[in-house]
Amino acid sequence: MRSAVRKMGNSSGVIIPKPFLVEIGSKSGDEVEILVENGRIVITPVRSQPRAGWAEDAKRLAEEGDDASVWPDFPNEADIDLKW
């Protein structure tokens, strides 16, 4: 497939057809990494870590005092007999 490099503000760009984005598992607005390898422009989707930022969020919630359990306790009847 051929496409043209287009002027976009002070930069230039190429429209990426939707089937190409689908093939790499990306969509409009996703973050990508762009680099040049052997005279070619390579665009790679950035895969975020599923739990990225959880530790910072948990710390912030604790500092705000908003880290109480929202689920009630569901003890078992035999819990009283457990020896730890």
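The figures follow:
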| item | result |
| --- | --- |
| Selection status of residue 37, of a type in the set (Asp, Glu), closer than 30 Å to residue 14 by Cβ and either exposed (fewer than 10 other Cβ atoms within 10 Å of the Cβ) or over 26 Å from the mean Cα position of the chain (by Cα) (or both) | yes |
| Residue within segment 30-51 that is modelled with pLDDT under 90 and among the charged types (D, E, K, R) present | yes |
| Test: residue 69 is polar (S, T, N, Q) and under 30 Å from residue 1 (Cβ atoms) | no |
| Pairs, first under 21 Å from residue 26 (Cβ atoms) in segment 43-70, second among the charged types (D, E, K, R) and in a loop (DSSP other than H, G, I, E, B), C-beta under 9 Å, six or more apart | 45/30; 45/31; 46/30; 46/31; 48/31 |
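Yes/no matrix, rows are residues, columns are (1) loosely packed, with under 10 Cβ neighbours inside 10 Å; (2) touching a strand residue (DSSP E or B) at 6+ places or on another chain (Cβ under 8 Å):
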residue: 31; (1), (2): yes, yes
residue: 49; (1), (2): yes, no
residue: 53; (1), (2): no, no
residue: 67; (1), (2): no, no
residue: 82; (1), (2): yes, no
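The values are calculated or read from the model by the stated rules, or taken from the named source; none is laboratory data. Computed from a prediction, not measured in an experiment: that's the story for all the values here. Backbone-built Cβ (ideal geometry, glycine too); neighbour counts: all protein chains shown.
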